[in-house]
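A short write-up of the structure that comes next.
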Amino acid sequence: MSLLAGLVKAELRKLFTTRLWWVMLVVALLFVGVGLGVLIAFAGVDQNGAAVPGLDTAQWTELAWASGSSAGIFVMILGVVLMTSEFRYQTITGTFLVTPRRGLVIIAKLVAGLIVGALFALAVLVLQAVTVIPAVMLGGGEFSLSGARVPQISIGILATLALYALFGIGLGALVRNQVAGVVAAIAWTYVIESIFTAIPALHVVGKWLPGGAAQALMSIDVNTGLGQPEWLPAWAGALVLVAWGLLFAGVATATTVRRDIT
């Protein structure tokens with residue numbers, strides 16, 4: 001156990017001594033902030049039959065708070081880089097010479113990824129708090145934790161961002177090439193999942209994908225044309241999301257332990 005703790009600290013040290021983590025964090029916060037700005041600007045506006053709820057409604061708070069899950073792509077990319085950089089710069093050889101138990105090294109990377117994902121989620125939640133609460137107050141509404149299900153959505157964001165780091169690590173271990181891994185992560189999030197979650201006929205598949213499971217966990221059902229009521233129950237979404245995390249963790253372990261590193 002002490003060996004694993006030491007390896008986790010080493011992985012975190014390797015990441016936090018680079019500029020990548022804070023650059024990705026800043027970009028993620030800017031991305032979420034722009035999304036919140038759009039929701040504030042168009043609050044109460046009817047766009048082609050899809051009306052954004054007003055600032056003074058609990059529905060708007062739910063929608064705005066849940067937008068924090070959009071930072072998942074940046075955590076996923078960070079997970080890809082965390083894994084593929086070892087192969088890109090051939091530091092993986094030295095890592096496995098110091099710790100020959102490859103499985104333990106991968107577990108340490110996965111734990112480090114979970115921690116980093118959780119830290120990103122906390123930063124996103126702070127940004128949402130300092131943006132959403134004043135917006136609701138200025139819009140004439142009353143911010144309610146229970147009424148807008150803020151605790152449940154916050155847990156969903158925390159779980160989503162933490163597990164998306166595992167997805168990135170698993171994807172990085174599978175493809176090994178950093179550029180290919182990043183492109184695959186973006187394609188998965190913005191093309192594949194978007195298709196299966198945006199087209200009603202494909203929801204039967206989309207609700208079982210990580211993005212669909214994350215939506216189900218947060219239980220966003222805004223009857224404005226923006227929400228999607230066809231998701232799984234929240235508890236099922238949580239189980240599916242964890243199952244995807246375990247799958248990618250297994251992929252990361254199996255592909256790294258069994259294959260040559262050079």
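Brief remarks on what is shown
- With R₀ fixed at 30 Å, the C-beta to C-beta distance from PHE16 to VAL204 puts the FRET efficiency at about 0.10.
- Loop-resident trypsin sites (Lys or Arg not before Pro) (DSSP state other than H, G, I, E or B) in segment 100-137 with no more than 14 further Cβ atoms inside 10 Å of their Cβ: ARG101.
- Longest DSSP-loop-exposure-free segment, chymotrypsin sites (Phe, Trp or Tyr not before Pro), the chain, at most 15 other Cβ within 10 Å: 90-262
- Long-range tail of P(r) for segment 94-188 (Cα pairs > 17 Å, %): 64 percent
- Taking the C-alpha atoms only, the angle from helix 234-258 to the longest principal axis of the chain is near 20 degrees.
- Under the combined filter of DSSP loop state and at most 14 neighbouring Cβ atoms within 10 Å, segment 1-81 retains these trypsin sites (Lys or Arg not before Pro): ARG19.
- Residue range of the chain that is longest and free of GluC sites (Glu not before Pro) which are both DSSP loop and sparsely packed (at most 16 other C-beta within 10 Å): 1-141
- Remark: segment 136-152, residue by residue, has Karplus-estimated 3J(HN,Hα) of 5, 5, 5, x, x, x, 10, 6, 10, 4, 6, x, 9, 6, 4, x, 5 Hz, where x stands for each Gly or Pro and the curve is 6.51 cos²θ - 1.76 cosθ + 1.60 at θ = phi - 60°.
- Given charges at Cβ of Lys, Arg, Asp, Glu: segment 2-258 dipole, positive-most of MET137, VAL27, THR197: VAL27
- Taking the fewest neighbouring Cβ atoms within 10 Å as the starting point, the ordered list for MET83, MET24 is MET24, MET83.
- Between segment 168-215 and segment 5-79, the C-alpha centres lie 17 angstrom from each other.
- Based on DSSP H segments of at least four residues, each scored -39500 (n - 2.57), the chain has a per-residue ellipticity at 222 nm of -23500 deg cm²/dmol.
- Cα shape, segment 2-258, gyration tensor, a/c 1.5 rule: prolate
Read the figures in this text as sums done on the coordinates, not as results from a lab. Only a predicted model underlies this, so the values are computations on that prediction, with no experimental measurement involved. Cβ coordinates were reconstructed from backbone atoms using ideal geometry, including for glycine residues, and neighbour counts include every protein chain displayed.
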